[in-house]
Structures are given as C-alpha cells and as structure tokens.
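Trainee: Dumping the structure here so I can ask a few things about it.
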Amino acid sequence: MLQVEHAYLAFKIPWLRLELGRDGFYWGPGYVSSVMLSDNAPTLDHVQLSARFRGFKFVSFTSYLSRWDAKPRFLPAQRLEISLWDCLTVGGAMMSVTSWDSVQPSSLGGIVNPLIPIHFESANGGQVDNLMVGWDAAVYLPRTKLYGQLFIDNYEFNTRRISPNAVGLQAGAFWAPHLPIEARFEYARVTAFTYYHRKHYIMYENYLVPLGHEIGPDADQLYASARSVVLPSLRVGLWGDLTRRGYFNRGDYLRRAFYEGEPLPEKFPALGIDPVTGDTLADDWAVDNTLRAGPEFEWRPMRDLAIKGKAYYRRSINHLGIPGKTEDGWEAELRAEYRY
C-alpha cells in the first residue's frame, strides 16, 4: 500500500496563496516538536488560505481528521504572525476540533467557510467542539535565538473544574558563535489530559497521534545538542534528551483524556492511581524516565536534499511505568528528505 505524505495544488497571486490537498503543518518556533501544531503527526487533508505582506503573515485552513467510529471530525485553525524590528517574531493561533452526528446539524457552523473558519459555538458547548489557543515568540539576538510557546486546551478559570487545566509549555535557545560550532537547548512540558479533552470524538489528534508535541500529555522532555560545522554542508555532533512520562501518558484515550476520581492529580508527572480504590494517587506507581544520547550528523549535498542520521544509547527506568523495570539498548536512525 502506497501512502502519500505530501500532495497538493497551490494557486498564488501577490500576497495571497490558496492550497488544496495533503500537507504537514508546523506552528511555532520549536525544534524537536511544537506543543501547538507539529508535522510529527500524520499529514492533514485540508483547504488553506494564506497571506503574506512584509512582516505580516496569516494562515487559515480547515482539515478533515480521522473519524472516530461514524463521527466525522474537522480541524478549523487560524494563525497570525508578525515580525518586528528584524529581531522579534510573535504569533497567536486558534484551533478547534469539531464533530457532529445526524441529530446535531448545528455543529456544522464550525466549517461553514472552509477558507476562513468561523466558530459559531462557544468553547466546549455541548461537548461537540474543543477550542484551543496558543501563543509563541522568538527573539533574534546576535548569533543567538531565544523562543517560547504556550498552548491552552480546555482552560477553566474557576475552582469547580472536574479536571486539571491542560496546557503545553516550551522554551528553547540556539547559539552559533563565531566558531565552527553550534549548540541547542529545548524544554517542553505537557500537562495531563492535554490534546485529548475528555471526549474521544473531539481529541486534538489524527489517526491516534497528538497534533501537538510528540511526547503527548502528562510528560516533559529536556533536549540538548552540540554540533561542529565540518563543512558548510556537513555538521556532526552529539545530542541527548531526557523524557519523563506519567501515569496519564500510558494506555488508550480513556486514561489520557479524563479522570473522575478524587483528589485530582496534582503531581507532575502523575505517579498513578491506586488499583484497588481507583481514586487515590499511589506513590508506588512509578514515572517512566528515558534517557537517550549519542552521535548524529546532517549532510546537505544539495540545497533541497538533506541526509540525517543518528545512533544513540537508550536507557528506560521504570519502563512503561512498571516500578523497577529497566530496559536499555542501542538504536539508529537514517532519514533522507527532499523538499522543493
């Protein structure tokens, strides 16, 4: 079976572009993955309208997501990005996963206009749509880039909420001094229930993969790398990351999406739930800690062709959340990308 990842038609006039087809999206300045909208998820079938003029950029699209049973699901999304003084870029975005069935035709309001989606329903109204917002900024200093992102899913400004607020945070830096070296640092944190939002048919995912950061909810990740610029087209170096995954990062959507017990999970990452009572945190249910580190290279023999490879040692403590279980070994990856 042949699966096409990118296939689209584009029509462009000055400052305006219309695209129809299948493509990946990446919103925000993250390097490993964006907490907002990441192309690490399966590509989206969409209709997109984008506009660019000097430091102004606007993107709006509606995408058809994978079904849940017989329920069609759509993702209307909009993003506005502004660049100021050649050293600052700020962006904001709004996304909504909308679903309906035969007895709820009013929910079609979220996709009345596929080019400029207009959300007629209030956030979470009737549990047929899931409204999310995000902001990001990047500061460009001499030989240095600093950036951050904030993603909010199902934020409730009250004390009677029945699940914790779901947010994704990210911060990073890139440094390239006047030497043949470059260094990168990035940290991402995604709280429990982010992207899944209680109801399976309005999850912020496509083919069971989160559309945000690849680590998923109830997890955080610290990434660092240092590279040497051997040639203008060749970089070699070392990289590593440390990922923690809590109780609500494992299992199917039922565990990731919602928790009805008391007290609410306050620790991060969550330690777990008592298997007897089902509603209390159990200190003996461990957090999965996975460390990966090793060499890597990136070679660009042509402007549009990149060949990337890495080999790394992986060690997982409390593997899959099983207390005391350790798993380790060596792994390798090789990837070739051609973008025109």
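Every number here is computed from the coordinates shown, using simple stated rules; none is lab data. All figures in this text were calculated on a predicted structure; none of them were measured in a lab. Cβ coordinates were reconstructed from backbone atoms using ideal geometry, including for glycine residues, and neighbour counts include every protein chain displayed.
Trainee: Mind listing P(r) for segment 1-78? All alpha-carbon pairs, 10 Å bins, whole percents.
Mentor: Going from the shortest bin to the longest, the percentages are 16, 43, 34, 6, 1.
Trainee: While we're on this one: When the label point is put 7 Å from the Cα of A224 along its Cα-to-beta-carbon vector, which residues of segment 289-328 have a backbone N closer than 14 Å?
Mentor: Residues passing the 14 Å test: 292-294.
Trainee: Can I ask one more? Among the chymotrypsin sites (Phe, Trp or Tyr not before Pro) within segment 167-259, which fall in a DSSP loop and have no more than 12 other Cβ atoms within 10 Å of their own Cβ? Display every interim value, and only then the final one.
Mentor: On the way: sites: F174, W175, F185, Y187, F193, Y195, Y196, Y201, Y204, Y207, Y223, W239, Y247, F248, Y253, F258, Y259; in loops: F193, Y195, Y196, Y204, Y207, F258, Y259.
Counting only loop positions with at most 12 other Cβ atoms within 10 Å, the chymotrypsin sites (Phe, Trp or Tyr not before Pro) in segment 167-259 are Y207.
Trainee: Turning to a different aspect of this structure: If Lys and Arg each add +1 and Asp and Glu each add -1, what is the summed charge of the other residues whose beta carbon sits under 14 Å from the beta carbon of Y313? Could the numbers behind the result be given before it?
Mentor: Values: positive: R292, K310, R314, R315; negative: D241, E296, E327, D328, E331, E333.
Every neighbour counted, the sum reads -2.
Trainee: Something else about it: Could you work out how much longer the chain between R250 and E266 gets when fully extended? Use 0.36 nm per residue separation minus the Cα distance between them, nm to one decimal. Provide the component values of the computation, followed by the final result.
Mentor: Values: separation 16, 0.36 × 16 = 5.76 nm, distance 1.72 nm.
Going from the current span to full extension adds 4.0 nm.
Trainee: Next up: Which FRET efficiency value, to the nearest 0.05, do you get for F11 and L80 by plugging their Cβ-Cβ distance into 1/(1 + (r/R0)^6) with R0 = 25 Å? Let's see the in-between values first.
Mentor: Numbers: r = 22 Å, r/R0 = 0.87.
Step by step, r from the Cβ atoms, then E = 0.70.
Trainee: How many nm separate the modelled label positions at K325 and M302, each set 7 Å beyond the Cα in the direction of the Cβ?
Mentor: It is 4.6 nm.
Trainee: Hey, for a label at N289 modelled as a point 7 Å past Cα toward Cβ, could you say which residues of segment 311-335 have their backbone N under 11 Å away?
Mentor: The answer is 316-318, whose backbone nitrogens lie closer than 11 Å to the label point.
Trainee: Report the GluC sites (Glu not before Pro) located in segment 197-262 that are in a DSSP loop and have at most 10 other Cβ atoms inside 10 Å of their Cβ, or state none.
Mentor: Details: sites: E205, E214, E260; in loops: E214, E260.
Sites meeting the loop and neighbour criteria: E260.
Trainee: What does the net charge come to around L146 if you take all other residues with beta carbon closer than 13 Å to its beta carbon, with K and R at +1 and D and E at -1? Don't skip to the answer; put the middle values down first.
Mentor: Details: positive: R143, K145, R184; negative: D136, E186.
Residues near L146 contribute +1 overall.
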